[in-house]
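Trainee: Structure in structure tokens, see below.
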Amino acid sequence: MNADTRNRILMTAMELFWEKGYNSTSVSDILSRSQVHSGSLYHFFPGKQDVLIGVLEFYRDGIEENLLNPAWEGVDDPIERIFALLAGYRMQLLLTDCTYGCPIGNLALEIHEPDPKVRELLAVNFSNWARAIEGCLEAAGNRLAADIDRRALAEFVLTVMEGAVMQSRTYRDLGHFDRNISVLRSHFDMLVRAGKQTRAH
């Protein structure tokens, strides 16, 4: 039993949860695709919910390496980093004919009454995403007015992203994502203009 086997189980489960959903993915599905024996899976994960917890912990621990760093490569402006991250979701929608969904958002919507540990990990993943956006807002400094609630604005960006992805998937239409992000961009432009006016006084 080694880390490679455990990671293969997790990567396979991530794919299947994304493709089919958590409830529609069986342990036998994970075993079949990963080509791992049941004894190996149960050595690491006593049940399917334990696999889910492992997947959520992977997302939690890998947000910088797997999500933020690739999106922000070559992008130095903190506000543009926000829109570069959103552009990554757009690209996934484009490449999948609008079947892609945010993995954490999908799971949060699907699992109606999650176990406390699962709910906690879902919340931590959302919080980490919003905290990364908040860091961009903080880095923008006085380009934004000092009295803006940066935490609330970061949560608003998360809400726009999740809603835009969900609508694009539902309608199979990238236009829903683009229109939502365009409105968000206009909102940021307004905040930057307000920041300039504040500095001018």
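The values are calculated or read from the model by the stated rules, or taken from the named source; none is laboratory data. Because the structure is a prediction, the values reported are computed rather than measured. Every residue, glycine among them, receives a Cβ derived from its backbone with ideal geometry; neighbour counts consider all protein chains shown. Calculation scope for accessible area: heavy atoms of the full protein, side chains included, ligands and nucleic acids excluded. Shrake-Rupley method; radii C 1.70, N 1.55, O 1.52, S 1.80 Å.
Trainee: Looking only at the range 105-124, decide whether some residue is free of Cβ contacts under 8 Å to residues at least 60 places away in the same chain, buried (at least 20 other Cβ atoms within 10 Å of the Cβ), out of contact with any strand residue (DSSP E or B) (no Cβ under 8 Å at 6 or more places or on another chain) and closer than 22 Å to Gly62 by Cα.
Mentor: Taking every residue of the range 105-124 in turn, none turns out to be free of Cβ contacts under 8 Å to residues at least 60 places away in the same chain, buried (at least 20 other Cβ atoms within 10 Å of the Cβ), out of contact with any strand residue (DSSP E or B) (no Cβ under 8 Å at 6 or more places or on another chain) and closer than 22 Å to Gly62 by Cα.
Trainee: Could I ask something else about it? For the range 14-37, enumerate the residues that are more than 15 Å from Cys102 (Cα to Cα) and small (Gly, Ala, Ser).
Mentor: Ser24, Ser26, Ser28, Ser32, Ser34
Trainee: Could you list, in sequence order, the residues of the range 41-100 that are surrounded by 14 or more Cβ atoms within 10 Å (Cβ to Cβ) and β-branched (Val, Ile, Thr)?
Mentor: Val51, Ile53, Val55, Ile63, Val75, Ile79, Ile82
Trainee: A follow-up question, please. Go through the range 127-167 and give me each residue that's surrounded by fewer than 17 Cβ atoms within 10 Å (Cβ to Cβ), polar (S, T, N, Q) and under 23 Å from Glu57 (Cα atoms).
Mentor: Hits for the range 127-167 are Ser127, Thr159.
Trainee: When the residues of the range 16-40 are filtered to those that are under 21 Å from Ala123 (Cα atoms) and assigned to a helix (DSSP H, G or I), which remaining residue is least open to solvent (accessible area, probe 1.4 Å)?
Mentor: Only one residue fits best here, namely Phe17.
Trainee: Here is a follow-up. Can you find a residue in the range 89-110 that is farther than 25 Å from Gly163 by Cα and either assigned to a loop (DSSP other than H, G, I, E, B) or in contact with a Leu (Cβ under 9 Å, 6 or more places away or on another chain) (or both)? If you could, list the steps in order and put the result at the bottom.
Mentor: Here is the first cut: in the range 89-110, the residues farther than 25 Å from Gly163 by Cα are none.
The answer is no; no qualifying residue exists.
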